[in-house]
Amino acid sequence: MEFDVVIVGAGPSGLAAAIRLKQLAAEKETDVSVCVVEKGSEVGAHILSGAVLEPQALDELLPDWKERGAPLHTPAEDDRFLLLSEKRAMRLPTPPQMRNKGNYIISLGNFCRWLAEQAEALEVEIYPGFAAAEVLFDDAGRVSGIATGDMGVGRDGQPTEMHQPGVELRARFTLFGEGCRGSLSKQLIEKFELDADSDPQTYGIGIKELWEVPPDRHHAGRVVHTVGWPLSGDTYGGSFIYHLEDNQVAVGFVIGLDYRNPHLSPFDEMQRFKLHPAIRPTFEGGKRIAYGARALVEGGLQSQPRLTFPGGALIGDSAGFLNVPKIKGSHAAMKSGMMAAEAAFAALGDGTPGELDAYPAAYKSSWLWTELKKARNIRPSFRWGLWPGMIYSAIDTYLLGGHAPWTLKHHADHTRLRKASEMPRIEYPKPDGEITFDKLSSVFISNTNHEENQPVHLTLKDDGVPTRVNLADYDGPEARYCPAGVYEFVEENGRTRLQINAQNCVHCKTCDIKDPTQNIVWVVPEGGGGPNYPNM
């Protein structure tokens, strides 16, 4: 199948790019064929975010979004920023970047479903349930599209009676909006050395639950962020609690994946956070209705790779557009997709076969570049610890206005883990089944499912490394940093081996990022597999 533009990923960046391409074509009274492929079973199935949406990019893309019925129902009205100790909560002034007046508390999955409706009304072709598994190149080495993965391949790698070969989607330009740590984006960054002049990317893991709470515990429009307990002072992270409509509350915990202690379990840190005396009352008498997890890109401006390569570009979190101090990336992802679309449309009209140079040029003259440049030093300052990071961030924000004459550096997350013998063990409370839960019951309500008879999509470069190195030196951290119980060390015939429960995988990509030897490589499973988030 041939198109003018193929877009990988039906997230905010990919859908915004598709819509913008069709808008430009309508303005010029011409036609551009646009295809979006999405590995989730439906648009939004794999979308997970807080989320508080800043509508600036949406205002530019679809100024009449209110009349179109965009699912932005809950204005953010009450910001609270808390510093937690084990028993107490101190309310601090809300930093300017975290003030949310004019923003909306949303389900990002539902927002993407709505964006998809707008795109389809413009005759964008959207194919959910098809995983982009391979980048295609022409004879000159230029990206010429993608191929979707075969369906019906058995665990032994051989076709079954249900086998359906993948489809080649050829394009004049291909935009990759796979989200954080996209598997094809990762390959393109390596092949074209797109990160040659940037810092290593750094990431966090976000773990989220959606609750229905009693009406007297619900405050529509309230936005709460916390720092401090239960994390130690040398670990970056914090929580969010967002009160949506219909007595629903989204609660999440984010931990920087540059943490040092291999005994740390992000999932269990999130569970015990809910037990804090200032937090627990919100959820008492409530019901947990959804769970999910996803890595997020935290490196900022200095960790962004080059955005373009022959035949295409990276957009959204594939390129790392998250604004960490704001804890927002959807508006930035949308803007990046729109700018890439404008560059691609111009290049299609000119018949230009080279790189989309107009895209990074537009980015550097946009409000998004200014925003991310001001934010660039906040996240790396926390490698000095919580208090030094907060002090530096205050100086950078209030005195320097984000215009410091220096740029702080990042280090690759997998290099930061210390040996297990050097770090203290962490004892986590057992789940009570009311406020706190275990991993398997959590995965159950993420609606995660994979066809069991397929090749394992969590691959190892060396099968011996998990026990020979990870277990021996780091006490098997993959059993803890995975929030879905995928990795498990089991005894078998007097020997310990790593068991990979790929059926549980929620596609968070944490293992691909944090594995200390970079031995785990996440590749796409069959299309349609993974979580099915209804309203995350």
## Note on the structure
Residue hits (region 192-206; among the small types (Gly, Ala, Ser) and surrounded by fewer than 18 Cβ atoms within 10 Å (Cβ to Cβ)) are Ala196, Ser198
### Query
Restricted to region 240-289, and to residues that are closer than 30 Å to Arg383 by Cβ and charged (D, E, K, R), which residue is most open to solvent (accessible area, probe 1.4 Å)?
Arg260
### Neighbours by Cβ (under 9 Å, 6+ apart or cross-chain): first from region 275-291, at positive phi and without any contact (Cβ under 8 Å) to a residue 24 or more places away in the chain; second open to solvent by less than 50 Å² (accessible area, probe 1.4 Å) and in a helix (DSSP H, G or I)
none
### Subset tally (residues that are in contact with a Gly (Cβ under 8 Å, 6 or more places away or on another chain) and under 22 Å from Asn247 (Cα atoms)) for region 55-79
5
### Task
Report those strands (runs of 3 or more DSSP E) wholly inside region 203-243 carrying at least 1 residues which are farther than 24 Å from Gly109 by Cα.
222-228
### Task
Return yes or no: is Tyr481 closer than 30 Å to Phe81 by Cβ, free of Cβ contacts under 8 Å to residues at least 24 places away in the same chain and surrounded by 13 or more Cβ atoms within 10 Å (Cβ to Cβ)?
no
### Query
Of the residues that sit in region 12-47 and are under 19 Å from Ser107 (Cβ atoms) and open to solvent by 10 Å² or more (accessible area, probe 1.4 Å), which one is nearest to the chain's Cα centre (by Cα)?
Ile47
### Message
Just to be sure before I move on: is Leu61 buried (at least 16 other Cβ atoms within 10 Å of the Cβ) and within 24 Å of Glu209 (Cα to Cα) in the structure I sent?
### Response
no
### Message
For region 4-44, give me each residue that is of a type in the set (A, V, I, L, M, F, W, C) and either more than 19 Å from Phe176 (Cβ to Cβ) or part of a strand (DSSP E or B) (or both).
### Response
Val5, Val6, Ile7, Val8, Leu24, Ala25, Ala26, Val34, Cys35, Val36, Val37
### Query
If you go through region 334-354 one residue at a time, do you hit one that is touching a Ser or Thr at 6+ places or on another chain (Cβ under 6 Å) and assigned to a loop (DSSP other than H, G, I, E, B)?
no
### Task
Hey, can you tell me all the residues within region 229-264 that are small (Gly, Ala, Ser) and closer than 24 Å to Leu322 by Cα?
Gly233, Gly237, Gly238, Ser239, Ala250, Gly252, Gly256
### Message
If I filter region 244-261 down to residues being outside any strand (DSSP E or B) and within 22 Å of the chain's Cα centre (by Cα), which single residue comes out as nearest to Gly109 (Cα to Cα)?
### Response
Leu244
### Task
Filter region 335-393 down to residues that are touching a helix residue (DSSP H, G or I) at 6+ places or on another chain (Cβ under 6 Å) and of a type in the set (Phe, Trp, Tyr), then give me how many there are.
6
### Failed criterion for Met536 (all others in (1) part of a loop (DSSP other than H, G, I, E, B); (2) closer than 18 Å to Ala131 by Cβ; (3) in contact with a strand residue (DSSP E or B) (Cβ under 7 Å, 6 or more places away or on another chain) hold)
(2)
### Message
Let me confirm something: among Gly320, Gly351, which residue is open to solvent by 20 Å² or more (accessible area, probe 1.4 Å) and at positive phi?
### Response
Gly351
### Query
open to solvent by 10 Å² or more (accessible area, probe 1.4 Å), of a type in the set (Val, Ile, Thr) and out of contact with any Cys (no Cβ under 6 Å at 6 or more places or on another chain): does that describe Val52?
yes
### Task
Look at Leu83 and say whether it is outside any strand (DSSP E or B) and not polar (S, T, N, Q).
no
### Summary
region 356-402: helices (runs of 4 or more DSSP H) wholly inside it with 2 or more residues that are among the hydroxyl-bearing types (Ser, Thr, Tyr) are 358-364, 386-394
### Summary
When every residue in region 290-317 that is within 27 Å of Ala347 (Cα to Cα) and among the aliphatic types (A, V, I, L, M) is compared, the one surrounded by the most Cβ atoms within 10 Å (Cβ to Cβ) is Ile315
### Message
Criterion first (under 22 Å from the mean Cα position of the chain (by Cα) and open to solvent by less than 30 Å² (accessible area, probe 1.4 Å)) does Ala420 satisfy it?
### Response
no
#### Entry: Pairs, first hydroxyl-bearing (Ser, Thr, Tyr) in region 331-359, second part of a helix (DSSP H, G or I), C-beta under 6 Å, six or more apart
Ser336/Ser13; Ser336/Gly316; Tyr359/Met339; Tyr359/Ala340; Tyr359/Ala343
### Task
Select from region 443-477 the residues that are part of a helix (DSSP H, G or I) and under 30 Å from Met162 (Cβ atoms) and list them in ascending order.
Val443, Phe444
### Message
Suppose we filter Leu322, Leu386, Leu348, Leu368 for residues that are under 28 Å from Asp258 (Cα atoms), among the aliphatic types (A, V, I, L, M) and over 23 Å from the mean Cα position of the chain (by Cα); which single one remains?
### Response
Leu386
### Summary
When restricted to Gly233, Gly285, the only residue farther than 14 Å from Arg217 by Cβ and among the small types (Gly, Ala, Ser) is Gly233
### Message
Could you go through region 78-90 and let me know if any residue there is open to solvent by less than 30 Å² (accessible area, probe 1.4 Å), of a type in the set (Gly, Ala, Ser) and touching a residue at least 40 places away in the same chain (Cβ under 8 Å).
### Response
no
## Note on the structure
Selection from region 207-224 of residues within 23 Å of the chain's Cα centre (by Cα) and open to solvent by 10 Å² or more (accessible area, probe 1.4 Å) yields Val224
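The values are calculated or read from the model by the stated rules, or taken from the named source; none is laboratory data. Quantities reported herein were computed from a predicted structural model and do not represent experimental measurements. Glycine also receives a Cβ, built like all others from the backbone with ideal geometry; neighbour counts cover every protein chain displayed. When the accessible area is computed, the model is the full protein with side chains, heavy atoms only, and any ligands, DNA or RNA have been set aside. Shrake-Rupley method; radii C 1.70, N 1.55, O 1.52, S 1.80 Å.
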